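S.K.: Just dropping this structure here.
The values are calculated or read from the model by the stated rules, or taken from the named source; none is laboratory data. These figures come from a predicted structure and were not determined experimentally. In this analysis, Cβ positions are derived from the backbone assuming ideal geometry, glycine residues included, and neighbour counts consider all displayed protein chains.
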Amino acid sequence: MVALLSLTFLPLQSFAATTEEPTSLPAPKPAASAEAKALELRLNEINSMDKTKLKSEDKKNLRKEVKSIKHNLKAIGSGVYLSGAAIILIVILLVVLL
């Protein structure tokens with residue numbers, strides 16, 4: 001059991017030795033797709049509008065459009081996020097099953 005656990009931590013230690021040096025510059029964001037940029041542009045356009053002179057029906061349509069744009073942006077940028085507890089649980093299950 002101890003040998004198995006020591007083998008699981010060995011790759012992490014060897015990977016840690018090959019990491020790059022930290023810099024003071026922020027990491028660049030991944031390039032967004034053209035569709036995402038267009039949606040963000042439309043959101044900014046809607047936010048900068050003067051909505052005081054619009055009718056209530058127009059405001060309602062804009063709110064619906066904003067909701068759909070936000071939903072589309074979430075779908076474009078979706079990913080799998082694992083919490084620390086989930087990772088620990090997966091490791092424990094792998095140790096028990098293997």
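S.K.: Scanning the range 56-80 for residues that are outside any helix (DSSP H, G or I) and among the small types (Gly, Ala, Ser), which turns out modelled with the highest pLDDT?
M.R.: The residue in question is Gly77.
S.K.: Given Ser6, Ser14, Ser24, which one is part of a loop (DSSP other than H, G, I, E, B), at pLDDT below 85, loosely packed, with under 11 Cβ neighbours inside 10 Å and out of contact with any Lys or Arg (no Cβ under 6 Å at 6 or more places or on another chain)? Lay out the reasoning, then the answer.
M.R.: Details: Ser6 fails: part of a loop (DSSP other than H, G, I, E, B); Ser14 fails: part of a loop (DSSP other than H, G, I, E, B).
Sole residue among the options that is part of a loop (DSSP other than H, G, I, E, B), at pLDDT below 85, loosely packed, with under 11 Cβ neighbours inside 10 Å and out of contact with any Lys or Arg (no Cβ under 6 Å at 6 or more places or on another chain): Ser24.
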